[in-house]
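Structure record follows, encoded as structure tokens.
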Amino acid sequence: MIESFYKYLKANGNIKKFATNFDNNKEPIHRWFPFLAGFSNKLVLETIKFFNLTNKVIYEPFMGSGTTGVVGKEIGVNVIGNESNEFLYRICKLKTRIDMSPTKFDKSAKRFLEICRDGWRRTSVKDEDPILKRCYSLHQLKKLVCLKERLSEEKWISNNVKEYLFMAVTMALPKTSNVGINVPYISWRHQKKPEEVFKVFERSIKVIKEDLEFARKRYRNNSKVKVYLHDSRIPNQAISDNSVDGIFTSPPYLNNFDYGESLKVFLYFWGYSSNWNDISKKIRYKAVASATTYYKESVLKSNQPDKILGNQMLKDAPLMCEKIKKIGESIRSAKIRKGSKKNFELLTYMYFKDMFKSLKEMYRITRINSLNFMIVGDSAPFGVHVPTDIFLGEIGKEIGFSSYEIIPLRERGTKWTTLKNRHNLKLRECILILKKER
Ligand SMILES: C[S@@+](CC[C@H](N)C(=O)[O-])C[C@H]1O[C@@H](n2cnc3c(N)ncnc32)[C@H](O)[C@@H]1O
């Protein structure tokens, strides 16, 4: 079965791009926010088709920008899931709702744009964060802030339309800045020519209108997508035991990628966060630890690996705890050899502890005979290979899943091989398929 699935995937798309957001840049709805850390909508689509999951319920614990949910809407699969980052949650909720009249939206949006075109010069940006002032020229920032302020002040616009306008302004943020704002972080050295704010906003309105029309005609409207602002490491009481037919997801990787930092301009602009501590409290501490910035090092440092992994994991997944501790020790030795201060061994313990909790919740929610797909990448801190895909499969087995299989999608990390101190190990991204059988 898995072999024919692999052949099917190869025949139905560019398998090397399946673990990336590449396919989402041009597709209706997906293109509103093709999240850098997202996977291809085509991968979700083809998996659902191959395994005949139409009309079934899929759990997505790491919703992100909502790729799985949008595909669910498109082809009639019910999706239920969590996203713990408030900004992404808002985008995900909007992209998976699609309950707006395209003409009503278009009419309001155009009137709104005219108001902003007339009034932006009077907008003050003196209270805006210095980072925003560095990313945008004065006039561009005034226009963006005018859009944001009018959006909250104009009483004649319905809340529903306002959400789509929020999306259109968000779509304008990366295109109108002087520097790359999410590639994956603000790249101060990557100067670029910004596009004029109102032009981009107008184009975004057109895109949203077209996509709403497309969705009305083409999407099956019988499917439900429910997304919770929730941390998937903690049981979600709204989702019952054994209630879903499968999982389609991609957790954060153990690769020191900081989701808070990569979305910083969006978070600052919309007022979700205003400084480092705020991002930590609202984003990092509510998520699976994927970077050394995700926890208080001062607290962890004095702890033994056992204490970090925690009693529950030591009890439920003892074999994997031993393996993780061994690998943690190798990472620590490599760190000392290289004279680095980055405690990637602590991150490794934290990551697997968080993923253990998330996997326990996945196990609780899924039915017997469910098929559970997870897109994951491995990593090599200080050149020590951590086979994340295998480790997650093995932890899955220790907590009750009956077996797992791995389908490689692509090699990655090769573009950094010229960097000094960079390891030359080949990394990969794959589909980890966890089975839950009686
Ligand atoms: C690899 S991305 C998934 C991207 C998604 N597939 C998409 O289409 O955009 C991982 C996502 O998990 C979220 N996340 C991380 N830890 C979480 C947690 N404990 N609970 C819920 N969401 C979490 C992150 O905010 C991020 O959006």
Among Ile115, Ile181, Ile406, determine the one that fluctuates most according to a GNM of the chain built with springs between C-alpha atoms less than 10 Å apart.
Ile115
Tilt relative to the chain, helix 159-172 - C-alpha long axis, 0 to 90 degrees, to 10:
80 degrees
Nearest-ten-degree value, helix 102-119 long axis tilted from longest Cα axis of the chain:
70 degrees
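For the chain, report the % of Cα-Cα distances exceeding 27 Å.
Here the long-distance tail beyond 27 Å is 55 percent of all Cα pairs in the chain.
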Place the peptides 384-394, 36-46 in order of packing, highest mean first, counting for every residue the other Cβ atoms within 10 Å and averaging per peptide.
36-46, 384-394
Determine the share of the chain's accessible area contributed by carbon and sulfur atoms, expressed in whole percent, with a 1.4 angstrom probe.
50 percent
The range 9-121: Cα Rg divided by the 2.2 N^0.38 Å rule of thumb:
1.24
Given H placed 1.01 Å from N in the peptide plane, which residues other than close sequence neighbours of Val179 have an amide H under 5 Å from its amide H?
Lys192
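Given contacts defined as C-alpha pairs under 8 Å and at least six residues apart, what's the relative contact order of the chain, whole-number percent?
16 percent
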Can you give me the angle between helix 344-365 and the longest principal axis of the chain, using Cα atoms only, in degrees from 0 to 90, rounded to the nearest 10?
80 degrees
Averaged per residue, what accessible area in Å² does the range 102-218 show with a 1.4 Å probe, protein chains only?
53 Å²
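Under the 0.36 nm per residue contour assumption, what length would be gained going from the current alpha-carbon distance of Lys199 and Lys26 to full extension?
60.4 nm
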Percent of beta bridges antiparallel (DSSP, the chain, rounded to nearest 5)
55 percent
Phi to ³J(HN,Hα) by Karplus 6.51 cos²θ - 1.76 cosθ + 1.60 over the range 321-329, Hz, x for Gly, Pro:
4, 4, 5, 5, 5, 4, 5, x, 5
I need the P(r) histogram for the range 102-218: all alpha carbon pairs, bin width 10 Å from 0 out to the longest distance, whole percents.
13, 43, 31, 11, 1
Whose amide H sits under 5 Å from the amide H of Lys226, counting only residues 5 or more places off or on another chain, with H placed in the peptide plane?
Val79, Ile80, Gly81
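The values are calculated or read from the model by the stated rules, or taken from the named source; none is laboratory data. Note that the structure is predicted; figures quoted are calculated from it, not measured. Don't worry about glycine lacking a Cβ; one is built from the backbone with ideal geometry, like all the others, and counts go over all protein chains shown. Remember, those area values only see protein heavy atoms, side chains included, never the ligands or the DNA or RNA. Shrake-Rupley method; radii C 1.70, N 1.55, O 1.52, S 1.80 Å.
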